[in-house]
Amino acid sequence: MPDDPTAPSGSSQGPLKGPSVRTIPPGEDRERLTCPDCGYIAYQNPLIVVGSVATWEDRILLCRRAIEPRKGYWTLPAGFMEERESTMEGAAREAWEEARAKIAIDSLLAVYDIPRISQVQLIFRARLLSPDVSAGPESQEVGLFRWEEIPWDDLAFPTVQWALREHRSRLGRQDFAPAMNPTPDVLAQWERML
């Protein structure tokens with residue numbers, strides 16, 4: 001009887017199943033998706049999001065999302081890192097893709113841990129090299145906003161508000177450590193500032 005032509009080379013038992021069983025592999029402390037045929041472990045690790053608070057003079061670049069989640073709401077230019085790119089390259093690429101903006105990155109502004117959606121967000125402080133921006137394929141529109149013009153009620157994600165406030169609190173400073181997730185006290189203080 002001939003071998004199955006769809007089977008991988010060297011296999012006479014048909015196609016491999018791949019990672020299809022949830023189990024705690026030896027040496028691990030949590031359940032993982034594993035392959036019963038070869039023992040491969042399919043690790044699912046947090047995604048890294050990179051973005052920037054990019055400014056031109058006293059204005060901040062925001063993008064109105066053309067995609068879900070939160071389509072129609074305003075955000076910073078940000079998105080998932082690609083393989084084989086640095087975090088700063090990723091932030092610059094996202095600014096170009098979403099707002100056709102060319103930026104120069106100054107420093108890391110914040111690192112936000114968002115475990116409920118398995119993300120780590122790295123937000124940089126950046127300068128626009130030109131005020132000429134326009135919507136990319138993932139944006140309905142883009143704009144440069146003065147602080148008092150920011151559409152606070154229409155921001156897409158809490159981390160957008162966090163990054164904007166951290167940026168404002170560090171204006172004129174170069175000597176700061178990146179911010180982390182704000183504490184409840186800081187969030188309450190920010191609410192009183194509006």
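The values are calculated or read from the model by the stated rules, or taken from the named source; none is laboratory data. All of these numbers come straight from a predicted model, not from anything done at the bench. For neighbour counting, all protein chains shown are included, and Cβ atoms are generated from backbone atoms with ideal geometry for every residue, glycine included. These area figures cover heavy atoms from the full protein model, side chains too; ligands, DNA and RNA do not enter into them. Shrake-Rupley method; radii C 1.70, N 1.55, O 1.52, S 1.80 Å.
Summary table
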{"read-out": "Solvent exposure of region 147-194 as accessible area per residue, Å², 1.4 Å probe", "value": "64 Å²"}
{"read-out": "Note, ³J(HN,Hα) from phi for region 113-121, Karplus 6.51, -1.76, 1.60, rounded to Hz, x at Gly and Pro", "value": "9, 10, x, 5, 10, 6, 10, 10, 10"}
{"read-out": "Separation in nanometres of the label points that stand 7 Å from Cα toward Cβ, at GLN174 and TYR43", "value": "3.8 nm"}
{"read-out": "With every protein chain in place, the chain: carbon and sulfur % of accessible area (1.4 Å)", "value": "51 percent"}
{"read-out": "Cα-based shape type of region 128-175, given that a ≥ b ≥ c are square roots of the gyration tensor eigenvalues and the cut on a/c is 1.5", "value": "oblate"}
{"read-out": "Helix-only mean residue ellipticity at 222 nm for the chain, each DSSP H run of n ≥ 4 adding -39500 (n - 2.57), per residue, nearest 500", "value": "-5500 deg cm²/dmol"}
{"read-out": "Degrees between helix 87-99 axis and first principal axis of the chain (Cα, 0 to 90, nearest 10)", "value": "70 degrees"}
{"read-out": "For ALA135, residues with placed amide H under 5 Å, excluding near neighbours", "value": "VAL142"}
{"read-out": "Cα centroid separation, region 101-160 to region 30-51 (Å)", "value": "29 Å"}
{"read-out": "Charge sum, other residues only, whose C-beta stays under 11 Å from TRP147's C-beta, Lys/Arg counted +1 and Asp/Glu -1", "value": "+1"}
{"read-out": "Relative contact order, percent, the chain [alpha-carbon distance under 8 Å, six or more residues apart]", "value": "20 percent"}
{"read-out": "Computed magnitude of the charge dipole of region 21-121 (debye, nearest 20; Cβ of K, R +1, Cβ of D, E -1)", "value": "420 debye"}
{"read-out": "3J(HN,Hα) from dihedral phi, region 170-184, Karplus parametrisation 6.51/-1.76/1.60, rounded to Hz, x for glycine, proline", "value": "10, 3, x, 10, 10, 9, 9, 7, x, 6, 10, 3, x, 6, x"}
{"read-out": "Translational D in µm²/s for the chain (Stokes-Einstein at 25 °C, 0.890 mPa s, Kirkwood Rh from C-alpha pairs)", "value": "128 µm²/s"}
